[in-house]
Amino acid sequence: MRSIRSKLIATVLAVIAAPTLIVLYNYFQTSVRLVEQEVYAANQSLIEQAAMTINDKAKRMIQATYLLEADMAQSFGPFTFNWDYGNAEAMGAIFQIQKRMGYLRDILLDNSAFIGLADAEGNVVTTLNNFNRQATGDILREPWFKAGIGQKGYPYWERAYRLPVNLGYTENAPDKEFMLLARSFAFETSIRNAGLVVVGIPVSQFYGISSSQGLPDHTELLVLDQDGALYDIYGKQQYSLMPEQMEDIRNRPSVMKKLPLDNEIYLMNAASVPQVGISIVSLQRMRDFSAQLDNSRTKSIALFLLFFGVGIIIVIYILLRLTKPLYALVRSMSRVGSGNFSTKVEVRGRDEVALLGSHFNKMVAQLEELIHHVAEEQRHKEEAHFQALQAQINPHFLFNTLNSIKLMAMLSGTNRNVSDMITALGKLMEFSMKQNTLFVTLGQELEYLELYMSLQKIRYHDDITISIQVPEALLECTVLKFTLQPLVENSIIHGSKLPLHIRIEAERTDQYILIHIRDNGQGISQETMQAISEQLLQDHVKTSGIGLLNVDRRIKIHFGQECGILLSRPEEGGLQVTVRIPYRKELEG
C-alpha cells in the first residue's frame, strides 16, 4: 500500500465499488414496493385523466339538453309538440327541430351520437337515421322514459342502453350499446307540453377506450356504481365489492389499494365521474405485475453487473496508464538529481500528466541551457578581464607618443587638420583612460560621441553632421559606456550616402529611457532588417567586434532581456536604431 497505484485501486474499490454494490442490494430489496407505488401513481394519473374526459362528455350531454330546451322554448313556445304530419306548418317545425338537434350533436358530441325529443305521449323527433315513426308508441314502455319523466328535470343515466333496431341507427357507431341521458322539461303546466330530451353516445366512445391503451398490460377498465358492483363498459357485472372495501375506497381514495377478488390480488385505481355518479376503476393482477417486475429486475441486475464490472476494469486500467508517466517522471528526476541533464520524459496526450512531463522536459532543457550560459558568461568575463589587463599595459606611452607627434606636426607646419585629428584622438584616449568604470552618464557619453564625430567631420570633409536633442533632465541618467559610438559608426559605414545627417533624441517612457539614432542614409531592406531583428531576439547569438549585435548583447547582459536595440525604417527614409535602457541615475562600477 505504499505505491500510488495500490492506493488508487484500493480507493476505487472501497469508495466506489463496495458502496455501489451495497446500495444496489438495498435498492432491489425495496424495489417491489417502490415500483408498485410508481405504477399505482402512474395508473392513478391515467385513470383520473380518463375520468375527467368522461365527466367532460357527460357535461356536454347535459349541456345539449339545456340548450335544446332553451331553443325550443324560444322558437316554438306552446306549439312545440304538434305532430300533425299532414300539416305542412307542423312538419316544417318538426324538420326545424330536427335540424337544430343535429347542430347540437355535431358541435357538442359527434355523428356517432344521437339526440331525441319526445312528448308525454311518446311522439319523437330524433337525429337517428331510418327512425320508424310507427314505433313511437314503444317509447312509452322504455325504462328510461318513465325514469326520466319521474326525475322532474334532473338527469337520468342509463349506462348500457341497447338501441332497438326499429328505432333506427347512428353513423360510425362501433357498437349498439349507448350511454343514455334522459331529462324532462315542460313549457306549460299542461301534460301535453311536457317533454323529454334523450341523448346517447356509444359506450366505447363515452368511456374512451383509446385512453385505456395507456394502461399497463393485463389491466381491466371497469365501472363501479354506488352499490359496489363492478361492471364492464357494456353493463355486464364482473365483481362485487364488500361494504368495508367500498368504505375504504371512499375514506382513503389516495392510498394504494390491493384488492382480493376471486382468489386473485389486484392493484386497483379508481377515479369518480361526478356527473354520472359512478367511478372508473382499473384492475391489474399482481401476479402478472410481479412476473414482469422479476423479469425486468433480473435483466437489470445482469446488465448492471456486466457494465459495472467492465467499468471497474476500465477504471483500474486507466489508473495504471495514468500512473505510468508518473513513475517515468520519478525515474527521470532521480537521473537529473545525479547530474544527467540529457534525460527526457516521453509525453503522450494533452492531459495534466502530459503537461507535467512537458514542463519537466522544458525545465531540464532550460536548466542545461542556463548552466551552459553561466559557463559562457564566466568565459566572457575572463576574456574581458584579460583584455582589460592588456589595455592597462603602459597606456600613457601611446598618449605621450601622440602628443609628441602633434608637437612635431605643429612645428613642421603640417596641415592643420592633422594636428586637430591628433588632438581629438588624444582627448578620446584621455577619456577612455580616465573613465575606467563600466557605466557613465548620458551627458558623458554624448561628450565622448562629439569627440568621435569631430574626427569623422575632418575625415569626410564636413559631409557628415550630427544634431543632439536630449532633455537636460536625462543627461544625468546612467548608460553603458561606449553604447552610442558603435551605433553612430554603424550609420556612417552603412549609410552609404553623403552628405549624411545623424539625429540623436532621447525620451522617457515610464521606467525606461528610449534613445533614437536616426540617419538619412540609404537604409536597409526589409529582409535584412528582419534578419537582424531575429538575431537580436536570440540570447545565444555569438558576436565578435563592436556592432549592433554586440551593443545589444551588452545591454541585455547588464539590464535584462526586456532592454536592448530595436530597428525601424522611418517614412522619410534611412534607418532608426532605438536603444531601450532602464531609467537610473546611480553610476555602478
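General remarks:
- Residues of region 464-478 that turn out to be assigned to a strand (DSSP E or B), within 60 Å of the chain's Cα centre (by Cα) and surrounded by fewer than 14 Cβ atoms within 10 Å (Cβ to Cβ), as a count: 1
- Residue match in region 62-71 (condition: surrounded by fewer than 18 Cβ atoms within 10 Å (Cβ to Cβ), more than 30 Å from residue 93 (Cα to Cα) and either in contact with a Cys (Cβ under 9 Å, 6 or more places away or on another chain) or at pLDDT 90 or above (or both)): no
- Residue within region 547-567 that is at pLDDT 90 or above, among the β-branched types (Val, Ile, Thr) and surrounded by 13 or more Cβ atoms within 10 Å (Cβ to Cβ) present: yes
- The one condition in (1) open to solvent by 60 Å² or more (accessible area, probe 1.4 Å); (2) at pLDDT below 65; (3) closer than 30 Å to residue 514 by Cβ that residue 450 fails to fulfil: (2)
- Residues (touching an Asp or Glu at 6+ places or on another chain (Cβ under 9 Å) and surrounded by fewer than 20 Cβ atoms within 10 Å (Cβ to Cβ)) located in region 250-277: 255, 256, 257, 258, 275, 277
- Within region 137-151, residues that are on the phi < 0 side of the Ramachandran plot reach partners that are part of a helix (DSSP H, G or I) and among the β-branched types (Val, Ile, Thr) with beta carbons closer than 9 Å, at six or more positions or on different chains, in the pairs 145/139.
The values are calculated or read from the model by the stated rules, or taken from the named source; none is laboratory data. Here the structure is a predicted model, which means the values were calculated and not measured. When we count neighbours, we look across all protein chains shown, and the Cβ atoms used for this are built from the backbone with ideal geometry, even at glycine. Surface accessibility is based on the protein's heavy atoms, side chains included, excluding ligands, DNA and RNA. Shrake-Rupley method; radii C 1.70, N 1.55, O 1.52, S 1.80 Å.
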